[in-house]
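Here the structure is laid out as structure tokens; the discussion comes afterwards.
The values are calculated or read from the model by the stated rules, or taken from the named source; none is laboratory data. What you are looking at is a predicted structure, and each value in this text was computed from that prediction instead of being measured. Please note: Cβ atoms are built from the backbone with ideal geometry, for glycine as well, and neighbour counts cover all protein chains shown. Keep in mind that these areas ignore ligands, DNA and RNA; they rest on the heavy atoms of the full protein, side chains included. Shrake-Rupley method; radii C 1.70, N 1.55, O 1.52, S 1.80 Å.
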Amino acid sequence: MKITIHYAFLPHTDADAALAFYRDALGFEVRNDVGYDGLRWLTVGPAGQPETAIVLHPPATDPGISEEERRTILELIAKGSYGALTLASDDVDELFDHLVAHGADVVQEPMDQPYGVRDCAFRDPAGNLLRINQAG
């Protein structure tokens with residue numbers, strides 16, 4: 001039996017800014033861009049990996065969420081404490097320089113971690129934490 005991760009979900013607070021980051025800076029393909037009732041859901045993923053995708057969704061749109069809960073979720077997103085994802089690159093230093101050139105919000109420059117991983121970290125336009133590990 002084989003199990004794969006098909007979708008991961010991260011909130012976005014500005015669909016156009018999310019597209020600029022994930023499509024233009026990271027180079028992900030846009031696989032779907034769906035609008036409904038003034039909101040947008042974006043599905044993006046790395047080229048050549050159709051089995052893996054990230055759905056960027058408007059946060060706190062569930063009708064069962066109270067206004068107080070919605071405010072709390074938006075505050076957590078803004079602090080970078082709500083969503084996170086770890087990516088891998090065959091050249092984390094080159095990708096770091098590329099993302100900096102695109103104006104990405106740097107959290108951590110590339111460094112060798114004491115637990116054996118070389119990585120860096122950014123926040124996407126919504127504040128989600130993205131760690132990027134050196135692959136292999």
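Identify the residue in the range 73-93 that is at pLDDT 95 or above and assigned to a helix (DSSP H, G or I) and, among all such residues, is least open to solvent (accessible area, probe 1.4 Å).
Only one residue tops the list, namely VAL92.
Could you tell me which residue of the range 11-45 is least open to solvent (accessible area, probe 1.4 Å), considering only residues that are over 18 Å from LEU129 (Cβ atoms), touching a residue at least 24 places away in the same chain (Cβ under 8 Å) and part of a strand (DSSP E or B)?
LEU42
Being under 13 Å from the mean Cα position of the chain (by Cα) and within 24 Å of ALA15 (Cα to Cα): is that true of LEU74 here? Break it down into steps so the answer makes sense when it comes.
Working: under 13 Å from the mean Cα position of the chain (by Cα): no; within 24 Å of ALA15 (Cα to Cα): yes.
The answer is no for LEU74.
Determine which member of the set ALA84, ALA47, ALA53 is over 20 Å from ASP105 (Cα atoms) and within 13 Å of the chain's Cα centre (by Cα).
Only one candidate passes the filter, namely ALA53.
Which residues, taken from the range 53-72, are in a strand (DSSP E or B) and more than 29 Å from LEU26 (Cβ to Cβ)?
Passing the criteria: none in range.
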